[in-house]
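Trainee: Here it is, the structure, as structure tokens.
The values are calculated or read from the model by the stated rules, or taken from the named source; none is laboratory data. In this text the structure is predicted, and so the values were computed from the model without any measurement. Cβ coordinates were reconstructed from backbone atoms using ideal geometry, including for glycine residues, and neighbour counts include every protein chain displayed. In case anyone asks, the SASA skips ligands and DNA or RNA and just uses the protein heavy atoms, side chains included. Shrake-Rupley method; radii C 1.70, N 1.55, O 1.52, S 1.80 Å.
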Amino acid sequence: MSESTFDRDFYVYDANHRFAPMYPLLARQIVEDLGVSQGLCLDVGTGSAAVIIELAKITPMAMVGLDAKPEVLELARENVARHGLPEQRFRFLEADVTAIPLESGSVDLLISRGSVPFWDDHVAAFAELYRVLAPGGAGMVGCGFSRYQTLEEVRAMRPKWTDDGEKDTRNNWKAEGYLPRVLAEAGIADAIVTMDAYGVWVTLRKA
Ligand SMILES: C[S@@+](CC[C@H](N)C(=O)[O-])C[C@H]1O[C@@H](n2cnc3c(N)ncnc32)[C@H](O)[C@@H]1O
């Protein structure tokens, strides 16, 4: 992974978090858009675990949060307790997206928000995500906010965290035609790429 800085505040998920109003709306959107709310949920690049904390409040799913940084996972565990959720519902894995320590076909709901710009090998990453997805499972992988927010809210929240355009390599994955090429190379036929004012998301489904 190539993310070098560690912004501790970003990983403490409480009412003061800069995206606090967004995560519950995104969780609801994920469940409603993908239609999956049972079984195992995997969050790749989980960070504070905010997304799976909110998913745990509205589904009975077992949660797995995966992140390459152990110091982040420590804060994620603290956040689960902060939100009054039972720790037994959460498992945290220190791993890279390209080597997920889970069985093939074991993940019913896959989510990854805000992690994809940091991945070094997008083809290997998407192939690995697709490997762990269960038949009948679905996922959302990308960067951005919830469609259940107003665009005004999104504009106010959107951080200026990269330089514009081609100057910053963390924008490369959003280039025209890049994701369809990556998905084809990863052998994934059943994917939809959405790019709009809310962000860039890949919706994955496995028949
Ligand atoms: C911007 S944070 C997003 C955190 C969280 N998903 C959210 O929406 O608030 C990106 C996270 O991806 C993790 N990450 C970056 N590269 C990774 C990789 N190759 N494999 C696994 N996790 C990675 C980072 O450690 C970081 O916690």
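Trainee: Among the residues of the range 32-53, which ones are in contact (Cβ under 8 Å) with a residue 60 or more places away in the chain, surrounded by 17 or more Cβ atoms within 10 Å (Cβ to Cβ) and over 20 Å from TYR130 (Cβ atoms)?
Mentor: GLY47
Trainee: Moving on. Does any residue of the range 131-147 turn out to be away from the ligand (no atom under 14 Å from the Cβ), hydroxyl-bearing (Ser, Thr, Tyr) and touching a Leu at 6+ places or on another chain (Cβ under 7 Å)?
Mentor: Taking the range 131-147 first, the residues away from the ligand (no atom under 14 Å from the Cβ) are 131, 133-138, 147.
If we keep only those that are hydroxyl-bearing (Ser, Thr, Tyr) too, we end up with none.
So far as the range 131-147 goes, no, none of its residues is away from the ligand (no atom under 14 Å from the Cβ), hydroxyl-bearing (Ser, Thr, Tyr) and touching a Leu at 6+ places or on another chain (Cβ under 7 Å).
Trainee: Residue pairs, Cβ under 7 Å, 6 or more apart or interchain, first in the range 54-72 and farther than 17 Å from TYR11 by Cβ, second among the hydroxyl-bearing types (Ser, Thr, Tyr). List them.
Mentor: Sorted first by the residue in the range 54-72, then by its partner, the pairs are THR59/SER37; MET61/SER37.
Trainee: Which of the residues that make up the range 171-195 are open to solvent by 60 Å² or more (accessible area, probe 1.4 Å), among the aliphatic types (A, V, I, L, M) and outside any loop (DSSP other than H, G, I, E, B)?
Mentor: ALA184, ILE192, MET195
Trainee: So if I check each of ASP14, ASP33, which one is of a type in the set (D, E, K, R) and under 24 Å from LYS174 (Cβ atoms)? Walk me through how you get there before you give the answer.
Mentor: Numbers: ASP14 fails: under 24 Å from LYS174 (Cβ atoms).
None of the others qualify; the one that does is ASP33.
Trainee: In this structure, does ALA62 turn out to be near the ligand (Cβ under 9 Å from one of its atoms) and open to solvent by less than 60 Å² (accessible area, probe 1.4 Å)? I'd like the intermediate steps shown before the answer.
Mentor: Details: near the ligand (Cβ under 9 Å from one of its atoms): no; open to solvent by less than 60 Å² (accessible area, probe 1.4 Å): yes.
Against the criterion (near the ligand (Cβ under 9 Å from one of its atoms) and open to solvent by less than 60 Å² (accessible area, probe 1.4 Å)), ALA62 does not qualify.
Trainee: Right, next: Return the total of residues in the range 191-207 being in contact with a helix residue (DSSP H, G or I) (Cβ under 9 Å, 6 or more places away or on another chain), under 16 Å from PHE126 (Cα atoms) and not small (Gly, Ala, Ser).
Mentor: Step one: list which residues in the range 191-207 are in contact with a helix residue (DSSP H, G or I) (Cβ under 9 Å, 6 or more places away or on another chain), which gives 191, 193, 195, 197-200, 202-206.
Narrowing the set further to residues that are under 16 Å from PHE126 (Cα atoms) leaves 191, 193, 200, 202-206.
Remaining after also requiring not small (Gly, Ala, Ser): 193, 200, 202-206.
Going through the range 191-207 one residue at a time, the tally reaches 7.
Trainee: Tell me which residues, restricted to the range 1-57, are in contact with a strand residue (DSSP E or B) (Cβ under 6 Å, 6 or more places away or on another chain), away from the ligand (no atom under 14 Å from the Cβ) and in a loop (DSSP other than H, G, I, E, B).
Mentor: VAL36, GLY39
Trainee: Scan the range 4-23 and tell me whether some residue there is touching a Ser or Thr at 6+ places or on another chain (Cβ under 9 Å), of a type in the set (D, E, K, R) and either open to solvent by 40 Å² or more (accessible area, probe 1.4 Å) or at pLDDT 95 or above (or both).
Mentor: no
Trainee: Within the range 74-119, how many residues are in contact with a Pro (Cβ under 7 Å, 6 or more places away or on another chain) and not acidic (Asp, Glu)?
Mentor: The first filter runs over the range 74-119 and keeps only residues in contact with a Pro (Cβ under 7 Å, 6 or more places away or on another chain), leaving 93-95, 105.
Filter once more, keeping what is not acidic (Asp, Glu): 93, 95, 105.
Counting residues in the range 74-119 that are in contact with a Pro (Cβ under 7 Å, 6 or more places away or on another chain) and not acidic (Asp, Glu) gives 3.
Trainee: Filter the range 96-130 down to the residues that are farther than 16 Å from LEU204 by Cα and free of Cβ contacts under 8 Å to residues at least 40 places away in the same chain, then identify the one that is nearest to the ligand (Cβ to nearest atom).
Mentor: THR98
Trainee: Could you grab me the full set of residues in the range 78-95 that are touching a residue at least 24 places away in the same chain (Cβ under 8 Å) and closer than 17 Å to CYS41 by Cα?
Mentor: Listed by number, the residues that qualify are VAL80, LEU85, ARG89, PHE90, ARG91, PHE92, LEU93, GLU94, ALA95.
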